[in-house]
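Asker: Please see the structure below; I have some questions.
The values are calculated or read from the model by the stated rules, or taken from the named source; none is laboratory data. None of these values were measured; they are calculated from a predicted model. Cβ coordinates were reconstructed from backbone atoms using ideal geometry, including for glycine residues, and neighbour counts include every protein chain displayed.
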Amino acid sequence: MARHVVAPASEIAPGGRKLVEVAGRAIVLFNIEGEFFALSNRCPHRNGELIDGKITGFVSSPEPGVYEYTHRGEVLRCPWHGWEFHVRTGKSWCDPARMNARAWNVKVEKGAMLVEGPHVAETFPVKVEDDYLVIDL
């Protein structure tokens, strides 16, 4: 399994999200209270872009007149048809046996570990084509 460095953790604030492309796949990164999760950007129902979905919670009712609001900030609603997915797992609230958003494992690693690790950065030659004037005020 290939590992890909996709973004600095600091770019995604708690409650935020970021769309990245990894090996030709559009993946949405989510920060839920400092924990990071990743889902495919495509809803398995009709391919709606999940990056545009609303983050909410889940309302359930164990009996008439009693409501529970759980999973606050962990449920992603597809913007096209309202299908809901648990951000932590990709599981669908509508049809968890068949229609799940593809979930990917995300790890936060220190930058020093990445530099020292087995990763090889792709490099390109750089050429300065002109000189510039700079004024300090």
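Asker: Examine region 28-45 for a residue that is under 17 Å from residue 75 (Cβ atoms), part of a loop (DSSP other than H, G, I, E, B), among the small types (Gly, Ala, Ser) and touching a Gly at 6+ places or on another chain (Cβ under 9 Å), and state whether such a residue exists.
Answerer: No, that holds for no residue.
Asker: Quickly run through region 8-27 and pick out the residues that are in a loop (DSSP other than H, G, I, E, B) and of a type in the set (Asp, Glu).
Answerer: Answer for region 8-27, where residues must be in a loop (DSSP other than H, G, I, E, B) and of a type in the set (Asp, Glu): there is none.
Asker: Now for a separate question. Yes or no: residue 65 at pLDDT 90 or above and exposed (fewer than 15 other Cβ atoms within 10 Å of the Cβ)?
Answerer: yes
Asker: Which condition breaks for residue 60 when tested against (1) of a type in the set (Ser, Thr, Tyr); (2) modelled with pLDDT under 90; (3) under 22 Å from residue 27 (Cα atoms)?
Answerer: Unmet for residue 60, out of (1) of a type in the set (Ser, Thr, Tyr); (2) modelled with pLDDT under 90; (3) under 22 Å from residue 27 (Cα atoms): (3).
Asker: Do we find that residue 75 is free of Cβ contacts under 8 Å to residues at least 40 places away in the same chain, surrounded by 15 or more Cβ atoms within 10 Å (Cβ to Cβ) and β-branched (Val, Ile, Thr) in this structure?
Answerer: Judged against the criteria, residue 75 is a match.
Asker: How about region 37-59: which of its residues are surrounded by 21 or more Cβ atoms within 10 Å (Cβ to Cβ) and of a type in the set (Lys, Arg)?
Answerer: none
Asker: Something else about it: Restricting attention to region 1-36, report how many residues are touching a helix residue (DSSP H, G or I) at 6+ places or on another chain (Cβ under 9 Å), over 19 Å from residue 111 (Cβ atoms) and either buried (at least 17 other Cβ atoms within 10 Å of the Cβ) or β-branched (Val, Ile, Thr) (or both).
Answerer: 2
Asker: Which of the residues belonging to region 27-60 are of a type in the set (Asp, Glu), out of contact with any Lys or Arg (no Cβ under 9 Å at 6 or more places or on another chain) and under 11 Å from residue 15 (Cα atoms)?
Answerer: Once the filter is applied, which keeps residues that are of a type in the set (Asp, Glu), out of contact with any Lys or Arg (no Cβ under 9 Å at 6 or more places or on another chain) and under 11 Å from residue 15 (Cα atoms), region 27-60 yields only 33.
Asker: Only one of (1) basic (Lys, Arg); (2) surrounded by 13 or more Cβ atoms within 10 Å (Cβ to Cβ); (3) without any contact (Cβ under 8 Å) to a residue 24 or more places away in the chain fails for residue 98. Which number is that?
Answerer: Answer for residue 98: the failing condition is (2).
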